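The structure appears below as structure tokens.
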Amino acid sequence: MPNRTYITVEENMMSGHKPINDRYTLALCANASGDCKVKPLLVYHSENHRAFKSHKILKEKLQVMWRSNPKAWVTRKFFVECVNLVFGPSVKKYLQEKTYPCKPFSSQTMPLLVHQTSKMTSSRSSNL
């Protein structure tokens, strides 16, 4: 038996069930009073969970905005999508229901955030 294992020499294997090492990030959003709750963003490490395949669950019908990333990180792209597709419309609807002014949402055609990718060039790299 190697001496660098996590189990002791007396035990041949660990007792109990091995937990699943799922990676996910759940981003929640609500106001302080709790009457405006925004649909959560869930970033999972795989595009389709095993339960989705076996039970034929549609991700569009879930109560979360489902995105996938190998490390389950909320990237800029996911954040911009969440703000433009979920956060902005739900906050605008909430403000209209409460008859509060919608000053940040006055522009109908312009999204709240724009995801831009730019190529960074360096003057030092051209000299090499």
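Where a number appears in this text, it was derived from the coordinates with a stated rule and is not lab data. These figures come from a predicted structure and were not determined experimentally. Reconstructed Cβ throughout: ideal geometry from the backbone, glycine too, with neighbour counts over all protein chains shown.
General observations
- Ordered by the count of other Cβ atoms within 10 Å of each Cβ, fewest first, Thr25, Thr75, Thr99 give Thr99, Thr75, Thr25.
- Listed by Cβ neighbour count within 10 Å, with the fewest neighbours leading, Val80, Val91, Val43 appear as Val80, Val91, Val43.
- Of Lys61/Lys103; Lys56/Lys98; Lys59/Lys93, those spanning more than 27 Å from alpha-carbon to alpha-carbon: Lys61/Lys103; Lys56/Lys98
- Efficiency of FRET between Asn84 and Cys36 - r from beta-carbon atoms, R0 30 angstrom, step 0.05: 0.95
- Ordered by the count of other Cβ atoms within 10 Å of each Cβ, fewest first, Glu81, Glu97 give Glu97, Glu81.
- Considered as an equivalent ellipsoid built on the Cα gyration tensor, the stretch 21-99 has semi-axes of 26, 14, 11 Å, the largest given first.
- Loop-located trypsin sites (Lys or Arg not before Pro) in the stretch 42-72 (DSSP state other than H, G, I, E, B) with a sparse environment of at most 13 neighbouring Cβ atoms within 10 Å: Lys56, Lys71.
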